[in-house]
1. Out of curiosity, is PHE68 modelled with pLDDT under 90 and either crowded, with 16+ Cβ neighbours inside 10 Å or part of a helix (DSSP H, G or I) (or both)?
2. For the stretch 47-63, what are the residues that are surrounded by 13 or more Cβ atoms within 10 Å (Cβ to Cβ), assigned to a helix (DSSP H, G or I) and of a type outside the set (Phe, Trp, Tyr)?
3. Tell me, which residue of the stretch 1-39 that is at pLDDT 90 or above and in contact with a Ser or Thr (Cβ under 8 Å, 6 or more places away or on another chain) is surrounded by the fewest Cβ atoms within 10 Å (Cβ to Cβ)?
Amino acid sequence: MAKRTKNGNGEDLQLLLMAEQSILSKERTVLSFMRTGLLFIGIGTSLVAFYLAHTGLAAAIGLVMVAFGIVEVAESIRRLLRYKRKMKSLRQRLGISMEQYL
């Protein structure tokens with residue numbers, strides 16, 4: 001991470017925006033993983049509900065998909081909260097609030 005400059009808030013703002021851009025792109029990636037986890041839960045639930053009376057194998061596959069989806073969503077939430085904390089600490093460390101630029 002670059003040091004804070006003496007030239008004023010312009011370069012500080014640029015540094016903040018670059019770091020926020022990086023963190024926000026990571027957040028978008030995490031949200032897509034979360035969406036995939038929700039899809040696994042939905043498909044797994046459908047398999048369990050539809051094939052429970054017919055085939056044990058399909059129901060087992062559905063349960064595995066639900067379990068995988070739950071783990072994926074939980075991990076995505078954990079990562080998302082970590083990136084939110086990073087964003088907050090970055091703003092505090094630089095001593096800049098975005099409200100002063102809006």
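1. No; evaluated as a whole, the condition is false for this residue.
2. Those that are surrounded by 13 or more Cβ atoms within 10 Å (Cβ to Cβ), assigned to a helix (DSSP H, G or I) and of a type outside the set (Phe, Trp, Tyr): LEU47, VAL48, ALA58, ALA59, ALA60, ILE61, GLY62, LEU63.
3. This residue is LEU31.
Each row is one residue, and each column tells you yes or no for (1) closer than 24 Å to ARG82 by Cβ; (2) of a type in the set (D, E, K, R).
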residue	(1), (2)
LEU17	yes, no
SER22	yes, no
LYS26	yes, yes
THR29	yes, no
PHE33	yes, no
GLY37	yes, no
PHE40	yes, no
LEU47	no, no
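The values are calculated or read from the model by the stated rules, or taken from the named source; none is laboratory data. These numbers were taken from a predicted model, which means no experiment stands behind them. We place every Cβ from the backbone using ideal geometry, glycine too, and count neighbours over all the protein chains shown.
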